[in-house]
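Following: one structure in structure tokens, then a few remarks.
The values are calculated or read from the model by the stated rules, or taken from the named source; none is laboratory data. All figures in this text were calculated on a predicted structure; none of them were measured in a lab. Glycine also receives a Cβ, built like all others from the backbone with ideal geometry; neighbour counts cover every protein chain displayed.
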Amino acid sequence: MALDQASMMFLEALAKPGAPAIHESTPAIARMSGPILAGMSGKGPDVGSVENFKLATSDGDEIRMRVMKPEGKAKSVLVYFHGGGWVIGDIDLQYDNLARQLCVKTQSVIVLVNYRKAPEHRFPAAIEDSRAGLNWAAENKQQLAGANVPLIVAGDSAGGNIAAVMTLRARDHGGPKIDYQVLVYPVTDCDFDRPSYVAPENQLLLNRDTMIWFWDHYLPSGDRAHPDASPLRAKDLSGLPPALVYLAECDPLHDEGAEYAAALKDAGVEVELSVAEGQMHAFFQMANILPGFDVGVEYVSERINAYIDNLAEG
């Protein structure tokens with residue numbers, strides 16, 4: 001299936017003469033697109049409450065955290081790690097809108113972790129910061145939700161990478177117990193030559209050159225095959241929480257996401273794999289920009305709700 005019409009029109013509008021591609025710019029310039037897209041998305045729905053605070057990192061720095069609570073009784077605590085290639089993205093921008101949507105649609109407490117970005121803070125800073133944010137959410141889960149509700153990790157793209165790594169870290173380092181993982185077109189490997197990576201029709205908002213640029217800022221040297229960077233390379237994926245893996249059809253990351261879902265299933269993990277037809281990478285953050293966002297957030301929320309309900313019945 002070809003890229004949908006709305007995405008094609010959006011890309012045409014972005015294609016201004018003289019505008020540099022992300023991989024031809026600097027991180028500072030690339031980050032300037034965030035407020036523009038956030039302005040197009042708007043605020044998002046009202047939630048019960050929003051709290052902002054700072055959390056200390058393992059090396060004495062601080063990261064910003066945001067907690068959104070729904071009106072009424074919370075059904076889960078969901079820790080969301082935003083995308084942006086570990087270089088761009090922010091909890092103040094489009095991800096505030098997405099978090100509000102998830103808060104309302106899943107009746108969950110949403111915890112946003114504004115992990116530090118590369119190249120100023122390279123691997124493993126994002127992983128260590130996210131681990132600190134996850135541990136905080138787990139330690140305060142009862143207080144946040146008012147009950148012993150499920151703990152969920154979720155993220156898209158680089159955030160999906162982080163969410164996957166968090167499940168491995170939790171399994172191998174004494175918790176916390178994660179009940180469910182939602183991986184939206186996650187980065188799972190450091191191989192740039194899979195068929196979906198090199199397919200001409202997938203060189204869209206995200207392309208192969210841009211992913212190489214992101215990786216070069218995040219982990220320019222060292223072991224990119226380490227499971228904390230490429231979870232698909234983990235020797236053992238057994239014992240991880242049930243997963244929803246939600247991919248975009250027209251995406252360089254499609255194949256590695258599908259391979260990760262298959263590897264999880266082969267390891268005995270309960271996996272649901274779904275592909276958003278006609279959608280490109282980043283559609284899941286495009287509230288009020290691409291109609292695929294509305295379909296996507298409804299689908300993800302439905303699957304989260306189904307998991308929580310089934311867990312309660314069991």
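For region 105-131, taking the residues that are hydrophobic (A, V, I, L, M, F, W, C) and more than 20 Å from Pro231 (Cβ to Cβ), the one that is nearest to the chain's Cα centre (by Cα) is identified as Leu112. Listed by first and then second residue, the pairs linking a residue in region 258-277 that is assigned to a helix (DSSP H, G or I) to a residue that is buried (at least 18 other Cβ atoms within 10 Å of the Cβ) and acidic (Asp, Glu), with Cβ atoms under 8 Å apart and 6 or more places separating them unless they lie on different chains, are Glu259/Asp189; Tyr260/Asp189. Exactly one residue out of Ser25, Ser33 is within 20 Å of the chain's Cα centre (by Cα) and surrounded by 11 or more Cβ atoms within 10 Å (Cβ to Cβ): that is Ser33. Could you grab me the full set of residues in region 286-301 that are within 23 Å of Pro242 (Cα to Cα), in contact (Cβ under 8 Å) with a residue 60 or more places away in the chain and not hydrophobic (A, V, I, L, M, F, W, C)? Gly296, Glu298, Ser301, listed by residue number. Taking region 147-175 as the range and being in contact with a strand residue (DSSP E or B) (Cβ under 9 Å, 6 or more places away or on another chain) and either more than 24 Å from Asn305 (Cβ to Cβ) or not in a helix (DSSP H, G or I) (or both) as the test, the residues that pass are Val149, Pro150, Leu151, Ile152, Val153, Ala154, Gly155, Asp156, Ser157, Ala158, Asn161. Take the conditions (1) in contact with a Gly (Cβ under 6 Å, 6 or more places away or on another chain); (2) more than 17 Å from Asn97 (Cα to Cα); Lys69 misses just one of them, which is (2). Condition check: touching a Ser or Thr at 6+ places or on another chain (Cβ under 6 Å), touching a residue at least 40 places away in the same chain (Cβ under 8 Å) and outside any helix (DSSP H, G or I). Does Leu244 satisfy that? In short, no. For region 135-146, the tally of residues that are under 17 Å from Ile304 (Cβ atoms) and more than 19 Å from the chain's Cα centre (by Cα) stands at 3. Taken as a whole, the structure places Ala2 among residues that are surrounded by fewer than 13 Cβ atoms within 10 Å (Cβ to Cβ) and either touching a residue at least 60 places away in the same chain (Cβ under 8 Å) or within 29 Å of Thr188 (Cβ to Cβ) (or both).
Residues that are exposed (fewer than 12 other Cβ atoms within 10 Å of the Cβ) and among the charged types (D, E, K, R) were ranked within region 55-73; the one that is farthest from Val104 (Cα to Cα) is Asp59. For the condition farther than 19 Å from Leu206 by Cβ and modelled with pLDDT of 85 or more, Gly18 does not qualify.
I'm trying to understand the selection: among the residues of region 38-54, which are surrounded by fewer than 17 Cβ atoms within 10 Å (Cβ to Cβ) and either over 18 Å from Ala99 (Cα atoms) or out of contact with any Pro (no Cβ under 7 Å at 6 or more places or on another chain) (or both)? Across region 38-54, the qualifying residues are Gly39, Met40, Gly42, Lys43, Pro45, Asp46, Ser49, Val50, Glu51, Asn52, Phe53, Lys54.
Would you pick out the residues in region 201-217 that are assigned to a helix (DSSP H, G or I), of a type in the set (A, V, I, L, M, F, W, C) and buried (at least 20 other Cβ atoms within 10 Å of the Cβ)? Of everything in region 201-217, those that are assigned to a helix (DSSP H, G or I), of a type in the set (A, V, I, L, M, F, W, C) and buried (at least 20 other Cβ atoms within 10 Å of the Cβ) turn out to be Met211, Trp213, Phe214, Trp215. If the condition is being part of a loop (DSSP other than H, G, I, E, B) and out of contact with any Asp or Glu (no Cβ under 9 Å at 6 or more places or on another chain), then region 289-314 contributes Ile289, Gly314.
If the condition is being hydrophobic (A, V, I, L, M, F, W, C), surrounded by fewer than 24 Cβ atoms within 10 Å (Cβ to Cβ) and under 17 Å from the mean Cα position of the chain (by Cα), then region 155-175 contributes only Leu168.
Would it be correct to say that Tyr307 is under 15 Å from Leu102 (Cα atoms) and not small (Gly, Ala, Ser)? In short, yes. Within region 126-152, residues that are touching a residue at least 24 places away in the same chain (Cβ under 8 Å) and closer than 22 Å to Lys73 by Cβ sit with their Cβ atoms under 7 Å from residues that are of a type outside the set (A, V, I, L, M, F, W, C) and in a helix (DSSP H, G or I), at 6+ positions apart or across chains, in these pairs: Val149/Lys141; Leu151/Lys141.
Does at least one position in region 17-31 carry a residue that is touching a residue at least 40 places away in the same chain (Cβ under 8 Å) and hydroxyl-bearing (Ser, Thr, Tyr)? No, that holds for no residue.
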